[in-house]
1. Among the residues of region 213-238, write down those that are out of contact with any helix residue (DSSP H, G or I) (no Cβ under 9 Å at 6 or more places or on another chain) and crowded, with 22+ Cβ neighbours inside 10 Å.
2. Residue under question is residue 253, and the condition is that it be within 13 Å of residue 22 (Cα to Cα) and surrounded by 12 or more Cβ atoms within 10 Å (Cβ to Cβ); does it hold?
3. Being touching a residue at least 40 places away in the same chain (Cβ under 8 Å) and in a loop (DSSP other than H, G, I, E, B), is that true of even one residue in region 125-138?
4. Filter region 139-166 for residues that are assigned to a loop (DSSP other than H, G, I, E, B) and surrounded by 15 or more Cβ atoms within 10 Å (Cβ to Cβ); which is farthest from the chain's Cα centre (by Cα)?
5. Those residues that are within 17 Å of residue 248 (Cα to Cα), assigned to a strand (DSSP E or B) and in contact with a helix residue (DSSP H, G or I) (Cβ under 7 Å, 6 or more places away or on another chain), I need them from region 23-45; list them, please.
6. Kindly provide the set of residues from region 139-170 that are on the phi > 0 side of the Ramachandran plot and without any contact (Cβ under 8 Å) to a residue 40 or more places away in the chain, ordered by number.
7. Regarding residue 198, is this residue over 30 Å from residue 76 (Cα atoms) and buried (at least 16 other Cβ atoms within 10 Å of the Cβ)?
8. Every residue in region 250-268 that is in contact (Cβ under 8 Å) with a residue 60 or more places away in the chain and farther than 12 Å from residue 59 by Cβ, please.
């Protein structure tokens with residue numbers, strides 16, 4: 001049985017996408033210690049997976065993701081005249097080249113900064129709340145939406161789950177409360193398209209099997225001997241397809257080492 005491992009950041013070495021699934025898990029072909037996926041006519045992986053080279057696996061069920069909602073209460077802030085107050089919003093997973101004109105700025109812009117100034121009149125929690133709501137919502141690249149949620153409270157809602165959750169830096173004394181925790185999307189058509197363009201179904205809801213393995217390649221540093229490169233393969237199967245349950249059971253069995261007959265694991 002393979003242990004779980006963290007997601008690797010680079011692209012998979014191979015991808016299989018199953019939008020339709022044959023009865024009796026016929027798409028799963030284990031023979032001679034090698035795993036292949038075949039739709040009845042074509043092999044879906046360029047090369048069968050040698051299970052002895054596999055090092056880990058992760059199975060993830062489909063989820064559309066959940067946008068986070070967080071409240072920032074200004075009641076505990078210091079209220080000073082002629083002073084600057086700052087909030088920043090950081091979405092580390094977001095890649096954004098907006099620079100006002102929508103052209104690439106040759107940088108990754110993940111942090112948005114909002115500054116408000118007080119005048120000669122002492123601010124209140126409500127005036128700071130309203131000032132920051134106006135600043136944030138006036139920023140077309142904010143990727144969040146701000147609103148009032150009671151006295152002195154700014155509610156910030158993530159606009160798009162694809163870039164990951166946001167973090168903030170708020171003025172001293174401002175407290176944060178997570179109202180709705182962030183949940184990352186998994187197995188969405190957009191995620192599948194990023195790995196295998198044109199292969200996803202727009203209505204697909206994919207369970208993902210990520211299989212990590214050592215890919216052995218020759219290297220001059222060892223006089224042409226083979227060196228193990230850590231790689232991974234993504235297998236996407238549509239949970240809404242007929243026969244998915246049987247496919248899932250068989251894939252899980254192969255990975256757990258409980259597939260029968262045991263002789264199918266032998267032969268490398």
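1. Within region 213-238, 232, 233 meet the criteria.
2. No, not satisfied.
3. Within region 125-138 (the criterion being touching a residue at least 40 places away in the same chain (Cβ under 8 Å) and in a loop (DSSP other than H, G, I, E, B)), the answer is no, since none of the residues qualifies.
4. Step one: of region 139-166, the residues assigned to a loop (DSSP other than H, G, I, E, B) are 139-143, 149-152, 159-160, 164-166.
When the remaining residues are screened for being surrounded by 15 or more Cβ atoms within 10 Å (Cβ to Cβ), the result is 139, 142-143, 149, 152, 164-166.
Details: 139: 25, 142: 20, 143: 16, 149: 29, 152: 33, 164: 7, 165: 10, 166: 13 Å.
My answer is 152.
5. Let us first name the residues in region 23-45 that are within 17 Å of residue 248 (Cα to Cα), namely 23-30, 35-39, 44.
Applying the additional criterion that residues be assigned to a strand (DSSP E or B) yields 28-30, 35-38.
Those that are within 17 Å of residue 248 (Cα to Cα), assigned to a strand (DSSP E or B) and in contact with a helix residue (DSSP H, G or I) (Cβ under 7 Å, 6 or more places away or on another chain): 28, 30, 35.
6. The one that is on the phi > 0 side of the Ramachandran plot and without any contact (Cβ under 8 Å) to a residue 40 or more places away in the chain: 150.
7. no
8. Within region 250-268, 250, 257, 259, 264, 265, 266, 267, 268 meet the criteria.
Values quoted throughout were computed directly from the atomic coordinates according to the rules given, and no laboratory measurement underlies them. Predicted model, so just to flag it, every value in this text is computed and none were measured. Note: ideal-geometry Cβ built from the backbone for every residue, glycine included; neighbour counts use all protein chains shown.
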